[in-house]
Structure formats: C-alpha cells, structure tokens
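For reference, the structure is listed below as structure tokens.
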C-alpha cells in the first residue's frame, strides 16, 4: 500500500465519524444575517476551533465587529513545505420558507433516493459546512496516518459570507502577514457534473454604472411639447440601442482591449464537456443565442465580456396612460469583464461613449456603486492547477474540467487585492444542491470523494 | 344694446366666492386612472351635480362604463324657437400628481400664491386642467343668471371623468345619448391663450393613440453573471426597437406612418408665421434649447402640424438603490402617437406592430395594451359664426384680437362630437404655457380665472344680443 492509499483508507474508515462531525456542525443554526442567531454563529466558530485544536492546529476564535473568524495554523516544521490558505465559511442562509422542507433544516438527515443516491439534507450541508469539512477531514486523515501534513496550512473560516462579508477585508488587512500564503484554496464551488470534477479558473469582473439623462426641467405634456422637446427616454433608448452592433459585439471604442482569445487547448477541453447551448437556453424559455455571434454559450459566459442593462425606468409606469414627456430617464448597467480589461478604463470609455450621444441641451450624470473589479483568471497551465487537476483526475477517473463562472466570487478578489494571492477554486457541489433554497443537500459521494480528493491534492501539493 | 357692466361687476364682486367654489372642487383627488381615487371621482361628481342644481339646472349623475358623467340641462322658459342649443363640455378628472416630492404645496390642497412678478396664481392639480377652466364657464353662467334671471339659450352641460384616461367611456356614452346631447355648437374650455395678454381660439388639435408594449424574453429573471451573453435581455430588445423609432432627422421610421399627413395650407402657414412664435423662449422655459422634432420644421410646425411618436414611460428590471445583477424577464414601454391630418389610428397601430415584430428575436414575445381610446386630428372651420362671435367677445375683454391657433395636444371629445353628433366645437381657453399641466406645481393664473369668467360672460352676452337682433 502506498502512502496515499493508506491515507485514503484512513479517510474511508473515518467517514462515519466525519459525517457525525458534519451533522453536529449543521445542527448549529449559524444564520449570519439574523441577529437572533448571533450566539449560534459563535458556537459554530468555537466548535471548529475545538476540533482543529484537537487535530494539532493552533486554532483560535478571532473577534471582528460582526461574527468571529476562525484562524488555524498547522506547521509541519519542514522548511521546504509550501504554505497554503484554505478558506470556507461556517455561516448559512436563512432556511425560509420552512414549510417547504421535508425534514427540519437544522436536523440533518441522510436519505437514500429512488435513484440509489444517498443525500445529506440540512441547511449548510453543501454551502459551506459540508464543503469546508472535506478539506478538514482530509487533513485529519493525513495527520492520523502520518502525524503531519505535507504542506504548511492556514485555515480561514468566515462567518459572514452569506451577509456580504463586511468584516472580511478589514480582517485580511489587519492580519496580512499572518494570512499571506503562496496561494489560497477555496472550497465553495461545484463539480462539472456528478462524475466530472472541476476547477474554476475564470471569473468575470464587473463594472457597474447608473446613468440619468435629464432633458426638460420638468415633466411636460406630450401633446403640448411632443415634437420640439427632447425626450430623455428616447435619448436613453437610442444610446442603449447603440451599445451592441448587429453581431452582438459591444461598440464602445477600446472595449475589447485586453480581451484575448481562449487558448486552443482550453477551447478543445471545453468542447469535450459537451455543453448543450440549446438545453441551457431552453431551461429559461429561450432558443436564440443572444451573445456575440460565432461564440458558444460557454465561451460567452466564461470568456467574453458583456454590457447588460439590468434596469431602466423613466416617465409614467403605472396603470393606464399618462401623456408625459419626463424630465429624466435612468438605466443601470453592468459590464462583465474578462482577461486584462481594466475597470476604470471601461467605465471611462463607456461614459465618453454615452456623453457623445446626448444632445447639448440635455445632461447626463453617472453614479457607480463602486470601482468595479477586474476578471480573476488563473492560467490553466499554472503548476497549482495542473497538480490539482491531476489529483482530482486520479480520484474521479475523469479529466478535470477547467471551467469558468460568469458570476463573481468576491473572496477571490479580496485574496488577490489584499494579500496578493491567487485562488484555486475546487468544490464538490452539484447544480441540484438547492443552495439558498429549501431541502439543501450534499450528496454523500460529494462529501466522501471530496475528502478523498483533498487527500490527493494535499499529497500532490506537498510533493 | 344693453350694457354688460352690471354682469361684469357681478363677476368681479363674486370672485372670492367663485374661487372658494373652485378650491372645493380642487380638493377632490379625482385621479380617474387610479382605482384608489374612484371614490373621490364619485364625490366630485355629486358635488358638481349639487352645484349645478343649485344654479337651476336639471342636473343628474349618470353611469358610464368608466367614471360617472354629470349631465345638466338648462331650458329657460319663454325662449324663442330659434334660440340656439349649446353643449358645454368639461372634465373633472385630473392627471396623477406624481412625482409628489416636487410639489411645493400638496397637489390637492389648493393655494393662492403671489409671485415676484405680482401675479397671483392658483396652485393645485387640476387648477388649470380642467377644473379651473371649466369653472370659468360655470361661474359666467352663474353671474349671468344672477344678473338677468336666465340664460339666453338652451344649455346642456356635460362633465366627464375619464378625459385623462380612457376616452372610450365617453365615446360610448355619447353614442347612447345622441338625441339628448344634440346641439348647434359645443363649447369647450380646455385650451390655452396665445400668451398672457393675447387670447386665442384653437382651430387645430392633434389626434392621439396610446400603446403599451411589453417584451418578454426569458421565462424568469436571470442572474446576469451566469446568463449574461447567451441569454436575451428584453431591455436590450426594447431599447433597440425604441432606438429605431426615429431616423436621424427626427422622422418616425414606421413604414406608412406619414400617410394622410398633408402640408399646411399656405394661408395658415402665413398666419402662423405672422405670429412670430418665440421658439427660443418656448424651449428655454423648460430648460431646453435644441428643437428635437423633425428637421426642417419650425418648433410650432412640429407641434401643430406634424405627427410624433413619444415614449411616455419605460420600466424594467431592478430600479432600486445600488445594483442587482439581473437579466429581467420583461421590459415595458408606454408610447403615444400624436396624429395630424387624416392619419388613421388603426393603420398607425398596425404599422407599429409590424415594426416591432420585424425587430423581435424569434424566442421573445411581445404583448400590447391599447388604452385611452383613439382620436383623430381635428380641424375646426375658422369662418364659422361661432368663431366670429367669440373673436369679438375675447377682443372686448382682452383688448387684443384673439389668435386662431393650433394645439399639439388632443381633445378626443371634439372628434367624438363631430362624428357622433355632427356638432362643431368652439375651443376657447385661458391656460398658459407655463401652467405645468400634467406636471408638479400645476397652476392657473388668477387673471386667467377672472378674465376667463369675464370672457365667457361676454360670449353669453353676444348670444343674447343675437337674439335681441333676431327679435327686432
């Protein structure tokens, strides 16, 4: 038996105890958004600290203005061992609507479905208690079997992820030296499907802007003024209608600066995923791909920037009619960024583009809710990704999908901006886990093979 | 000819009472387009019925498919058979007051405020449109009856409550009550003066159709990160349609839109030109400086003789504070088209729908709501005896000849009276451009109110005089 096999076997043997620990943690209703559960959040943090201390970590509950953090260190006393941070969060979403749960959200239950699949039900079984325990239990197997870890590990478990992480950035800044590692591993994402492991390597960035166009000083009667008076809704519509050309490309000058084509090998790998554009659109009632012509839906979501109007309003919007030319019209716009697109540059270019289309006797104002964020991408060829992907492949006997995510995961940006660390996103969730919904679940196989995967990843990183 | 001075003095002496009555009427929040205010509409109708009954009218409230109408008949005894029959029309409903926060005093608590220019103004929703205006006629009738005992003509007063909303309710009512509403002429007080010193008779009105468009894309709101790109955004589809609605010269791009739009006759053009319409001032008054309508037409031509496509409202997605990365399932816009000449509402509507369809992706849907009723443009004969009579009366009151002008707005009932009753309408009104009709801080100058009452008094006197002449 190789060393890895013996550790994997220790993990297998310990699975029932691992499950007990997961269920104990799920029983604590650590709902971070509801002040009524403040004590429960602390209780969850304390339990994790006790558990990690027992494992040999130097672990502590760390105060913040909100819910506490857990920070734990394990030093194998091997000067050559790389140092990684492992992130998860112990807080959960509120369980409402309660009447939709088959079993109570904080009384975890193991049920076997008609398909023979064993699932673990309870709020937080997947997001993120089940996921974070996959790496904790893998470390337990390593320590049980070898007395140490192959890497120097720092664990950071947050308690405010579901409520906007208000304390996170100040905490990272205040503890920069302690928390800065070679890279971070985040266990809060999904597999490609139940048989195919995945590492998320691309997250789009965002720029958000709001425009207000002011025409006449006051709302006007459209009969009396219709014709000669500028209508801000018309100006806004015209402006937004010129944002895309007929091929779906964004027309703002310089918008695509810093956008590179997806490398051939990555494209080939994505093609192997056999993603069905038709099915993807059909599920949401659509059938005609709306993005840039000539790009697949996956490429559009994972690797292409967009300009989206998220909201628009102006004039009379109640029942019936009101013959008004409004004084103002508004729109909220989000740009999703990829590659090396710079948020400040995109915003500046957009504003210049918009200004140029507004008649001289009208005004345009912009307000943005923040500076925006660039895309987070880790080169698919980086050694960390390669090693992790290979370790996952050994476990699942399938090529690891290197995927993108159209959305953004703020923690990745914070690690990069504050601590200068790249993040590797490995997770074992599935699309049907019902995160944030009633009957949240985590497949037993996700939990079990997740633990086994981390055993292998830790081994690969330490080699 | 008997002197008019006694009646006019009566008008002036009773002005405070007239104002008190107007204020009572203004206090009813008669926003007919909002069901929450339908009780107020009923209350206002009852108040108006009682007011007219108190003046000696046979006044009744009658149900329609919308808000009730008040029909009040005045048939003085001993009138010669050739005495004219007049139909006076006004509306007691008002526009919604939003945005409320921009009002200096609450919209339904009328206030008199004196400006730095010395002019006293009545502030309230409906102060001008149309409560203040309709009361000028009612108060003139009251003064006349008080001074002379009875009116020199048979009069039917029709006051409706759906003018700002769905005019089809009144159309249906008029169609069912043709015989009772038949008249030699209709008077309407819902238009403006040329300027603060120059009265006007309106002879052209634009027609109007309203259309609400809802574009539906995905079956539910989507996360714009996870779907942005491949998933169709209905806001983008809608703004593309709306962005295409006008070409770069400001012309409406719907095929066939200009069918039935005739050039203005040279005589009318000359008259308009002689008015020296103050284009710059007109736009500057509302904070603008560049005419936004069709290139090659003067501002007044754009308003009076050219059709338009206007977007009155647009709504979709997240509109609260901050941001929400959503791809909405639907996007909505409210449009109105102002029509001129012989433009036919049904054809315009069909043209719009084809225009939209041509720009709609195959997996999106569109639905329409046509509300408010359709009206064609109206042109009143300028050489009628009624216009002549009003010209004289207005000149006497204001010391200036009234301008025969056009109005870009629509008064659908004018077309209804013509098509269903065969009756022409005399449009005399005392509104001013800065009355903020349909906007916050709507007002009516006290001068408009007072001299409006006096103007109608003189018009009534003119009718009395006609009969004197006929007798002798």
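The values are calculated or read from the model by the stated rules, or taken from the named source; none is laboratory data. Everything numeric in this text was worked out from a predicted model, so none of it was measured. Positions of Cβ are generated from backbone atoms using ideal geometry, with glycine treated the same way; all protein chains shown enter the neighbour counts.
For residue B:394, only one of the following conditions fails: (1) out of contact with any helix residue (DSSP H, G or I) (no Cβ under 7 Å at 6 or more places or on another chain); (2) assigned to a helix (DSSP H, G or I). What is its number?
Unmet condition: (1).
Could you please find all residues in the stretch B:210-225 being facing chain A (nearest Cβ under 10 Å) and in contact with a helix residue (DSSP H, G or I) (Cβ under 7 Å, 6 or more places away or on another chain)?
Selection gives B:211, B:216, B:217.
Test of understanding: among A:391, A:331, A:354, which residue is part of a helix (DSSP H, G or I), within 14 Å of chain B (Cβ to nearest Cβ), crowded, with 17+ Cβ neighbours inside 10 Å and touching a residue at least 12 places away in the same chain (Cβ under 8 Å)?
A:354
Would you tally the residues in the stretch B:60-70 being part of a strand (DSSP E or B) and surrounded by fewer than 22 Cβ atoms within 10 Å (Cβ to Cβ)?
Selection size over the stretch B:60-70: 3.
For the stretch A:200-240, name all the residues that are assigned to a strand (DSSP E or B) and within 7 Å of chain B (Cβ to nearest Cβ).
A:208, A:220, A:221, A:226, A:229
Got a sec? Which helices (runs of 4 or more DSSP H) wholly within the stretch A:1-66 have at least 1 residues that are under 15 Å from residue A:108 (Cβ atoms) and in the same structural domain as residue A:141 (by TED's automatic domain parsing)?
The qualifying helices (runs of 4 or more DSSP H) are A:15-26, A:38-54.
Starting from residues that are away from chain A (no Cβ under 14 Å) and either within 16 Å of residue B:95 (Cβ to Cβ) or at pLDDT below 95 (or both), keep the ones in the stretch B:31-55 and report whichever is surrounded by the fewest Cβ atoms within 10 Å (Cβ to Cβ).
B:40
Within the stretch B:426-442, restricting attention to residues that are crowded, with 24+ Cβ neighbours inside 10 Å and outside any loop (DSSP other than H, G, I, E, B), which residue is farthest from the other protein chains (Cβ to nearest Cβ)?
By that ranking, first place goes to B:428.
Taking the stretch A:349-399 as the region of interest, how many residues are under 24 Å from residue A:191 (Cα atoms) and in contact with a helix residue (DSSP H, G or I) (Cβ under 8 Å, 6 or more places away or on another chain)?
14
Could you run through the stretch A:334-344 and say how many residues are within 7 Å of another protein chain (Cβ to nearest Cβ) and out of contact with any strand residue (DSSP E or B) (no Cβ under 7 Å at 6 or more places or on another chain)?
Within the stretch A:334-344, residues that are within 7 Å of another protein chain (Cβ to nearest Cβ) and out of contact with any strand residue (DSSP E or B) (no Cβ under 7 Å at 6 or more places or on another chain) number 0.
Does residue B:273 qualify as being not in a loop (DSSP other than H, G, I, E, B) and not assigned by TED's automatic domain parsing to the domain that holds residue B:405?
yes
Mind checking which strands (runs of 3 or more DSSP E) fall wholly inside the stretch A:85-198 and carry at least 2 residues that are under 30 Å from residue A:269 (Cβ atoms) and touching a strand residue (DSSP E or B) at 6+ places or on another chain (Cβ under 6 Å)?
In the stretch A:85-198, A:183-186 are the strands (runs of 3 or more DSSP E) which contain 2 or more residues that are under 30 Å from residue A:269 (Cβ atoms) and touching a strand residue (DSSP E or B) at 6+ places or on another chain (Cβ under 6 Å).
Could you check how many residues of the stretch A:210-223 are farther than 10 Å from residue B:286 by Cβ and modelled with pLDDT under 95?
Matching residues across the stretch A:210-223 total 3.
Go through the residues of the stretch A:241-256 one by one and say whether even a single one is closer than 19 Å to residue B:364 by Cβ, part of a helix (DSSP H, G or I) and either free of Cβ contacts under 8 Å to residues at least 40 places away in the same chain or in contact with a helix residue (DSSP H, G or I) (Cβ under 7 Å, 6 or more places away or on another chain) (or both).
Yes, the stretch A:241-256 has at least one match.
If I filter the stretch A:272-286 for residues that are crowded, with 22+ Cβ neighbours inside 10 Å and either more than 7 Å from every other protein chain (Cβ to nearest Cβ) or over 30 Å from residue B:282 (Cβ atoms) (or both), do I get at least one hit?
yes
Hey, can you tell me all the residues within the stretch B:77-105 that are loosely packed, with under 14 Cβ neighbours inside 10 Å and at pLDDT 95 or above?
Once the filter is applied, which keeps residues that are loosely packed, with under 14 Cβ neighbours inside 10 Å and at pLDDT 95 or above, the stretch B:77-105 yields B:104, B:105.
In the stretch B:279-318, which residues are more than 8 Å from chain A (Cβ to nearest Cβ), in a loop (DSSP other than H, G, I, E, B), at pLDDT 95 or above and under 18 Å from residue A:221 (Cα atoms)?
B:307
Out of all the residues in the stretch B:96-111, is one or more in contact (Cβ under 8 Å) with a residue 40 or more places away in the chain, assigned by TED's automatic domain parsing to the domain that holds residue B:464 and part of a strand (DSSP E or B)?
So far as the stretch B:96-111 goes, no, none of its residues is in contact (Cβ under 8 Å) with a residue 40 or more places away in the chain, assigned by TED's automatic domain parsing to the domain that holds residue B:464 and part of a strand (DSSP E or B).
What residue, of A:360, A:348, is more than 23 Å from residue A:404 (Cα to Cα), in a helix (DSSP H, G or I) and without any contact (Cβ under 8 Å) to a residue 24 or more places away in the chain?
From the options A:360, A:348, the qualifying one is A:348.
Of the residues B:394, B:360, only one is away from chain A (no Cβ under 13 Å) and touching a strand residue (DSSP E or B) at 6+ places or on another chain (Cβ under 9 Å); which?
B:394
So which residues in the stretch A:249-274 are at pLDDT 95 or above and on the phi > 0 side of the Ramachandran plot?
A:254, A:258 - these are the residues of the stretch A:249-274 that are at pLDDT 95 or above and on the phi > 0 side of the Ramachandran plot.
Return the residues of the stretch B:228-263 that are more than 7 Å from chain A (Cβ to nearest Cβ) and part of a helix (DSSP H, G or I); say none if nothing qualifies.
B:234, B:237, B:238, B:241
Looking at the stretch A:308-327, can you tell me whether even one residue there is more than 8 Å from chain B (Cβ to nearest Cβ), closer than 25 Å to residue B:240 by Cα and free of Cβ contacts under 8 Å to residues at least 40 places away in the same chain?
Looking through the stretch A:308-327, none of the residues is more than 8 Å from chain B (Cβ to nearest Cβ), closer than 25 Å to residue B:240 by Cα and free of Cβ contacts under 8 Å to residues at least 40 places away in the same chain.
Could you tell me whether residue A:402 is under 21 Å from residue A:188 (Cα atoms), in contact (Cβ under 8 Å) with a residue 40 or more places away in the chain and in a helix (DSSP H, G or I)?
No.
On the given criteria, is residue B:373 more than 9 Å from every other protein chain (Cβ to nearest Cβ), touching a helix residue (DSSP H, G or I) at 6+ places or on another chain (Cβ under 7 Å) and crowded, with 21+ Cβ neighbours inside 10 Å?
The answer is yes for residue B:373.
Specify which of the listed residues (B:334, B:350, B:383) is modelled with pLDDT of 95 or more and more than 9 Å from chain A (Cβ to nearest Cβ).
After ruling out the rest, the residue left standing is B:350.
What's the number of the condition residue B:321 fails, among (1) touching a strand residue (DSSP E or B) at 6+ places or on another chain (Cβ under 9 Å); (2) more than 8 Å from every other protein chain (Cβ to nearest Cβ)?
The failed condition is (1).
Does the stretch B:73-83 contain any residue that is in a strand (DSSP E or B) and either over 24 Å from residue B:413 (Cα atoms) or over 22 Å from the mean Cα position of the chain (by Cα) (or both)?
yes
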